[in-house]
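Notes follow once the structure below has been shown.
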Amino acid sequence: MNPVTELRAFLRAALVTKVPRDHRDPPAVRLRRQVVAGLTLVVGTALLWWSLRLEPGNPLFYLGSTALAATWVLGAFASGRLYLGRGNTRRGESYARPVVQSLALGALLLAVFTAGALLIAQVPFLLGPVNELLDHVRFASVPLVLVITVMNGIAEEIFFRGALYAAIPERWTVIATTAIYALTTVVAGVPLLVFAAVCLGLVCGLQRRVTGGILGPAITHITWSSGMLLILPPLLSIVS
């Protein structure tokens, strides 16, 4: 097997070739999704800003992060029906829940970002804001932060690739959800977090477009985010 050919086929199946489905919403449902998504975005962004402005080690960080996840999830389910989605199989002859495919996609993203972190460690003005963000991990219970990270990763995909995606006209879904997702991270004041949100949002948006549901993007997201949480702090401590 040619590794390049296999990788190309994998990416085409995961991010390009759409699985057939019919999830069209009537105008009234689309309008409800738009109103609920807009209100949820305002509340969620405010909670994210407040949580990240807390001093590292402040117990309120756990409360804020949990409230943020709850906001995304409640807003998503209030907007209307959500779908798990199905992915293309390797043979291309049937469809299945995109579990293994999404784990592989998340691991691939993790490898790329880990390599990028080695370069970032050599650029002080980029490294500083990242270290400030990671202080929330260094001065907290890592297992608890890991649980919160997974919880928020799932919640974000339920909202951004679930409710928000369904609220936007199909022609603009991937671009719009990626842009809005990235803009919500601006309040953190970490340029590289915004860049990561663009990359992750684009991949998960394309995956949502292919599968028609939130399961694949959620698995990809938590694979990447939990891996970064565990790898990034010790890696930056060693190389910086």
Item checked: Positions within the stretch 190-238 being of a type outside the set (S, T, N, Q), over 19 Å from PHE159 (Cβ atoms) and either open to solvent by 50 Å² or more (accessible area, probe 1.4 Å) or in contact with a His (Cβ under 7 Å, 6 or more places away or on another chain) (or both), in sequence order -> PRO191, PHE195, LEU230, ILE231, PRO234, ILE238
Margin query: Can you find, within the stretch 95-146, the residue that is nearest to GLY216 (Cα to Cα) among those that are β-branched (Val, Ile, Thr) and open to solvent by 50 Å² or more (accessible area, probe 1.4 Å)?
Written below: VAL99
Check: Can you spot a residue in the stretch 84-99 that is part of a helix (DSSP H, G or I), closer than 26 Å to LEU15 by Cβ and among the hydrophobic types (A, V, I, L, M, F, W, C)?
Finding: yes
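Residue-wise test of (1) open to solvent by less than 70 Å² (accessible area, probe 1.4 Å); (2) touching a Phe, Trp or Tyr at 6+ places or on another chain (Cβ under 7 Å); (3) closer than 20 Å to THR177 by Cβ.
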site: PRO59; (1), (2), (3): no, no, no
site: TRP72; (1), (2), (3): yes, yes, yes
site: ALA78; (1), (2), (3): yes, no, yes
site: TYR83; (1), (2), (3): yes, no, yes
Note to self: With the requirement that a residue be among the small types (Gly, Ala, Ser) and touching a residue at least 60 places away in the same chain (Cβ under 8 Å), what does the stretch 181-209 give you?
What the structure shows: ALA188, GLY189, ALA196
Note to self: Can you tell me which condition ILE148 does not meet? The list is (1) farther than 22 Å from SER51 by Cβ; (2) in a helix (DSSP H, G or I), and all the others hold.
What the structure shows: (1)
Checklist line | Sole residue being farther than 19 Å from LEU15 by Cα and part of a helix (DSSP H, G or I), chosen from ALA176, ALA163 | finding: ALA163
Margin query: Quick check on THR17: is it of a type outside the set (D, E, K, R), over 18 Å from the mean Cα position of the chain (by Cα) and open to solvent by 40 Å² or more (accessible area, probe 1.4 Å)?
Written below: yes
Margin query: Suppose the filter is of a type in the set (Ser, Thr, Tyr) and at pLDDT below 95; does SER102 pass it?
Written below: no
Check: Considering the stretch 167-180 alone, what residues qualify as being touching a Leu at 6+ places or on another chain (Cβ under 8 Å) and buried (at least 19 other Cβ atoms within 10 Å of the Cβ)?
Finding: VAL174, THR177, THR178
Next item on the list: Could you please let me know if PHE10 is open to solvent by 40 Å² or more (accessible area, probe 1.4 Å), in contact (Cβ under 8 Å) with a residue 24 or more places away in the chain and assigned to a helix (DSSP H, G or I)?
Entry: yes
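To keep it simple, each residue is scored yes or no on (1) modelled with pLDDT of 95 or more; (2) basic (Lys, Arg); (3) in contact with a His (Cβ under 9 Å, 6 or more places away or on another chain).
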| site | (1), (2), (3) |
| --- | --- |
| LEU41 | yes, no, no |
| SER51 | no, no, yes |
| LEU54 | no, no, yes |
| LEU63 | no, no, no |
| ARG86 | no, yes, no |
| ARG91 | no, yes, no |
| SER94 | no, no, no |
| ARG97 | no, yes, no |
Next item on the list: Give me a count of the residues in the stretch 21-38 that are touching a residue at least 12 places away in the same chain (Cβ under 8 Å), more than 16 Å from ALA155 (Cα to Cα) and either part of a helix (DSSP H, G or I) or open to solvent by 80 Å² or more (accessible area, probe 1.4 Å) (or both).
Entry: 6
Margin query: Among (1) under 13 Å from the mean Cα position of the chain (by Cα); (2) closer than 21 Å to LEU39 by Cβ, there is one condition VAL187 misses while meeting the rest; what is its number?
Written below: (1)
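The values are calculated or read from the model by the stated rules, or taken from the named source; none is laboratory data. Given the structure is predicted, the values throughout are model-derived calculations rather than measurements. All Cβ positions, even for glycine, are placed from backbone atoms using ideal geometry, and neighbour counts span all protein chains on display. Note: accessible area is taken over every heavy atom of the protein model, side chains too, but ligands, DNA and RNA are not part of it. Shrake-Rupley method; radii C 1.70, N 1.55, O 1.52, S 1.80 Å.
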